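Student: Before I ask anything, here is the structure I am working with.
Coordinate-derived values only; no laboratory data. Keep in mind that what you see is a predicted model, and the values were worked out from it rather than measured. So basically every Cβ, Gly included, is an ideal-geometry build from the backbone, and we count neighbours across all protein chains shown.
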Amino acid sequence: MKTFLNTTVVSTPEERLPNRWLFVIAAVLMQLGLGNVYAWSIFRNPLMSLHGWTIQEATMPFTLCVVFFAVGMIVAGRWQDRVGPRIVAVTGGILLGAGFLLASQVGQSLLGLYLSYGVLVGLGVGFAYVTPIATCVKWFPDMRGFITGLAVLGFGAGSLIVAPLGTALISQIGVYGTFAVFGVAFGLLVMLTGAILRNPPAGWKPAGWTPPANGPGSKDQRDYPPSQMARTFQFYLLWIVFLFWAGVGLMVISQAVPMGQELAGLNATVAAGALGVMSILNGLGRPAFGFISDKIGRIGGTLLAQAVFIVTLLFILPNARDFALYTLGISLIGFAYGGSLSVLPAFTADYYGTKHLGVNYGWVFSAWGAAGVLGPIIGAQVRAATGAWVGAFTILAILSAIAGLLILVAKPPK
């Protein structure tokens, strides 16, 4: 007998452990609640109308939320590696719920909204986001990429549910009433699903699965703490690849509506419809590329995503003159971009082990935060300088090619 996370389990082949798919279900539900951050735009215009704020002022809460999301992941990752996922996930739910509830009371001022939504909600999302990823990777060493993709599928799909729900609530009870409802609903959802999470016992492996003799999942695989991971050149290669990979996707996502209006002559409503299709493909790309990388390798999955980017950016989007071709182009970008959020966590586990996966992936994930700045800036600046999107597409295609070349030399650390 042994005690594991305050639960007594029997260390025998017949020990009663929960079905590991339970943690995948919990992960998807938790990520649906966390994906509310993608729906900030439903609050922006009502807040501008209520208080006369500028678009920059009304966008800053979202920017701060993304920054503290990344910060929270690093802090929570280190904490989770020490105490397990449950307490960290529940803490994330508390911070998330408290942030929304506080915003409903003090969000009439910019400072109040920056602190409540930008800092507290951002930290809550960051604390909770990393826990189901690290948990599922440990329960599924035989299909790390695919399971990671399923675990983060809900985050991308969350906005498809939250946006129409939030819009309806705002029309009925206003912005601040909606903040309060979101605080209770999402806070409870994250806390309840987080309370389910637990790591497998030491040495556990799926029935019928034999770890490879060497490499990821083998008994000889080394677990790197972050200080040692930072001494390997592969960490910096993965970080740059993630930066470029996510940067391409986030640039197109951030500019999808105005690009559709300029390239294909769409009105704003139709262009938003194309963005909705892209969002669906973005979510599906996460488990799809995770599955692909399990079958052909992480490097192969990465190269495939970069190839999709290059073909789309150089040949499809520059010639997108109607709704169908434009929707196809941005959907391919969204599909390939989604793969970055499943392949990079699996890369991190493969190269640096699972013992310190929470904090290690937190550091790798910081590239996503940087990409949220890099990609949109490149798109906006090149578009402004050249008067056309083709120049931005060319630069992004070059970044994709560089990412493909870098990943070829990112062999596992020895």
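Student: Identify the residues of segment 309-340 with backbone N under 20 Å of a label point that sits 7 angstrom from the Cα of THR394 along the Cα-to-Cβ direction, or state none.
Tutor: Counting backbone N atoms under 20 Å from the label point, the list is 309-321.
Student: Given contacts defined as C-alpha pairs under 8 Å and at least six residues apart, what's the relative contact order of the chain, whole-number percent?
Tutor: About 22 percent, as a whole number.
Student: Using the Cα centre of the chain as the reference point, and only Cβ charges (+1 on K/R, -1 on D/E), how large is the resulting charge dipole? Debye, rounded to the nearest 20.
Tutor: 880
Student: Something else about it: Just to confirm a number: summing +1 for Lys and Arg and -1 for Asp and Glu over residues other than PRO206 whose beta-carbon lies under 13 angstrom from that of PRO206, what do you get? Please report the intermediate quantities before stating the final value.
Tutor: Details: positive: ARG20, LYS138, ARG144, LYS205; negative: ASP142.
Summing Lys and Arg as +1 and Asp and Glu as -1 gives +3.
Student: A follow-up question, please. For segment 2-194, what is the relative contact order in percent, using Cα pairs closer than 8 Å and at least 6 residues apart in sequence?
Tutor: 36 percent.
Student: With labels modelled as points extended 7 Å from the Cα through the Cβ direction, what inter-label distance (nm, one decimal) is found for SER109 paired with SER227?
Tutor: Rounded to a tenth, the inter-label distance reads 4.2 nm.
Student: Can you give the charge dipole size of segment 226-408 about its Cα centre, rounded to the nearest 20 debye, using +1 on the beta carbon of Lys and Arg and -1 on the beta carbon of Asp and Glu?
Tutor: Working: 7 positive and 4 negative charges, 56 e Å.
Result for segment 226-408 is approximately 260 debye, rounded to the nearest 20.
Student: Turning to a different aspect of this structure: Taking the Cα centre as origin and putting +1 on Lys and Arg beta-carbons and -1 on Asp and Glu beta-carbons, what dipole magnitude results for segment 2-194, to the nearest 20 debye?
Tutor: Details: 9 positive and 5 negative charges, 58 e Å.
It comes to approximately 280 debye.
Student: Can you tell me which of 239-252, 396-409, 48-61 comes out highest on packing, and rank the rest after it, using the mean Cβ neighbours within 10 Å? Don't skip to the end; give the middle numbers.
Tutor: Numbers: 239-252: 24.9, 396-409: 18.4, 48-61: 14.4.
Sorting 239-252, 396-409, 48-61 by mean packing, highest first, produces 239-252, 396-409, 48-61.
Student: Among TRP245, ASN360, THR327, whose Cα sits farthest toward the positive end of the charge dipole of segment 226-408 (+1 at Cβ of Lys/Arg, -1 at Cβ of Asp/Glu, about the Cα centre)?
Tutor: ASN360
Student: Sequence gap of 8 or more, or different chains, plus Cα separation below 16 Å: how many lysine pairs satisfy both in the chain? Mind showing how you got there, number by number?
Tutor: On the way: LYS138/LYS205; LYS138/LYS219; LYS138/LYS355; LYS205/LYS219; LYS205/LYS355; LYS219/LYS355; LYS219/LYS414.
Lysine pairs, 8 or more places apart or on different chains, close enough: 7.
Student: Counting each DSSP H run of 4 or more residues in the chain as -39500 (n - 2.57), what helix-only mean residue ellipticity at 222 nm follows after dividing by all residues, to the nearest 500 deg cm²/dmol?
Tutor: On the way: 14 runs with 306 residues, N = 414.
Computed mean residue ellipticity for the chain: -26000 deg cm²/dmol.
Student: Towards the positive end of the charge dipole of segment 226-408, with charges on Cβ (+1 Lys, Arg; -1 Asp, Glu), say which of ILE292, ALA392, ALA380 has the farthest Cα.
Tutor: ILE292
Student: Moving on to the next point. For P(r) over Cα pairs in 10 Å bins from 0, in percent, several values are listed as (i) 5, 25, 34, 25, 9, 2, 0; (ii) 4, 11, 11, 11, 9, 8, 8, 7, 7, 6, 5, 4, 3, 2, 1, 1, 1, 0, 0, 0, 0; (iii) 5, 23, 32, 25, 12, 3, 0; flag the one computed from this structure.
Tutor: Label (iii) holds the value from this structure.
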